[in-house]
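Derivation of every value follows stated rules applied to the coordinates shown; laboratory data play no part. Just so we're clear, the structure is a prediction, and the values are computed from it rather than from any experiment. For neighbour counting, all protein chains shown are included, and Cβ atoms are generated from backbone atoms with ideal geometry for every residue, glycine included.
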Amino acid sequence: MKKLPIGVFDSGLGGLTALSELNRLLPNEDIIYFGDNARIPYGTKSPEVIRKFALQDTRFLLSKGVKAILVACGTVSSNCLKEVAELAEIPVVGVINASAKKAADIAKEGNGRVLVLGTSATVNSGAYETALKDNCIDKISSRACPMFVPLVESWHPNSEDAATNAIVSEYLSDFAENNPDSAILGCTHYPLLAEIIQKYLPKTQLVSSGACAANEIKEILEKQDLLNENGGKIEFYTSGGADLFRLNASAFLNGEINGEVAHIDIEEFND
């Protein structure tokens, strides 16, 4: 069991930010990553479609014999994580709880304000608000940022890019005066925009949901004595084009990706 890989899935490339942190924390673990690039974005789709896609993604990872799954997708984590866990019957970690706890801990040292940034489906689910209230935070603001995912997937903007500044300003300018103590980057694509988000929220500590989830899965594997000591291989799969995935993924991972990339037909993984 220890030598089995960890599975990670996301709607596209954003989950690579979680994979990068997971690989840093657990360099001896084999990891299988699936990006559903052909059907991105998930955040604008109905709960029924999100659930269908999430269960297909899960079945694919289970077919590869994984020992745990990191759901590196805020939309899935906030809408149907329970269904994923019931199907998998192995440890499953989403991106909601750990990041909500970290954001709450930061806010308790300040004015108690937390800002949640996420896809429309994530924000509409109310999952972060529930998790924050469970951590005794009630000063919560939320903003759906539907343009962030296509912005990141289409090119890799920098803090000087005029179009990126216009989009980020549109979403965040109303919150700067409220001085939230922490802002949850509730989609694993958003760390690629962290530098520019910080420009508009200069007094706010940003919390990466993917990084928090990676730390949570590390703790679970440690407690269950499931850590591998002799791995380190990473395999990449996509429902889109493998060559395009490799090209774009290199920017998310700060260099050429280390591992094979293969295309799969995700529609084959139905009930």
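The value obtained for the chain, namely the Cα convex hull volume divided by the number of residues, is 116 Å³ per residue. From the cross-link list Lys133/Lys203; Lys45/Lys223; Lys64/Lys223, which pairs have alpha carbons spaced over 28 Å apart? Table pairs above 28 Å Cα-Cα are Lys45/Lys223. Stretching Gln224 away from Glu267 to a fully extended chain increases their span by 12.2 nm, per 0.36 nm per residue minus the current alpha-carbon distance. The largest-to-smallest principal axis extents of the Cα set in segment 65-125 are 45, 24, 14 Å. With the largest listed first and rounded to whole Å, the semi-axes of the equivalent ellipsoid of segment 149-271 from the Cα gyration tensor are 31, 22, 14. Local charge for Ala242 was computed over the other residues whose Cβ lies under 13 Å away, with Lys and Arg +1 and Asp and Glu -1, and equals -3. Check every DSSP H run in the chain and write down those whose alpha carbon atoms cover 20 angstrom or more along the long axis and whose mean Kyte-Doolittle hydropathy is -1.0 or greater. Span-like helices, by this rule, are 47-63, 209-223. Highest mean packing first, where packing is the average number of other Cβ atoms within 10 Å per residue, the peptides 258-264, 245-251, 71-77, 208-214 line up as 71-77, 208-214, 245-251, 258-264. The dipole here belongs to segment 112-224: it is taken about the Cα centre, uses +1 on the Cβ of Lys and Arg and -1 on the Cβ of Asp and Glu, and is about 180 debye.
Kirkwood-type hydrodynamic radius, segment 92-185: 14.1 Å, calculated from all non-identical alpha-carbon pairs.
If you run the Gaussian network model on the chain, springs between alpha carbon atoms under 10 Å, then out of Leu26, Leu87, Leu62 the most flexible one is Leu87. Take the Cβ atoms of Ser154 and Ala242, set R0 to 22 Å, and the FRET efficiency comes out at 0.75. Only Lys, Arg, Asp and Glu carry charge here, each on its Cβ (+1 for the first two, -1 for the last two); on that basis the chain has a dipole of about 420 debye about its Cα centre. Sorting 130-140, 100-110, 216-226, 185-195 by average packing, meaning the other beta carbons within 10 Å per residue, from highest down gives 185-195, 100-110, 130-140, 216-226. For segment 1-122, the Cα gyration tensor yields ellipsoid semi-axes of 24, 19, 13 Å (square root of five times each eigenvalue, largest first, whole Å).
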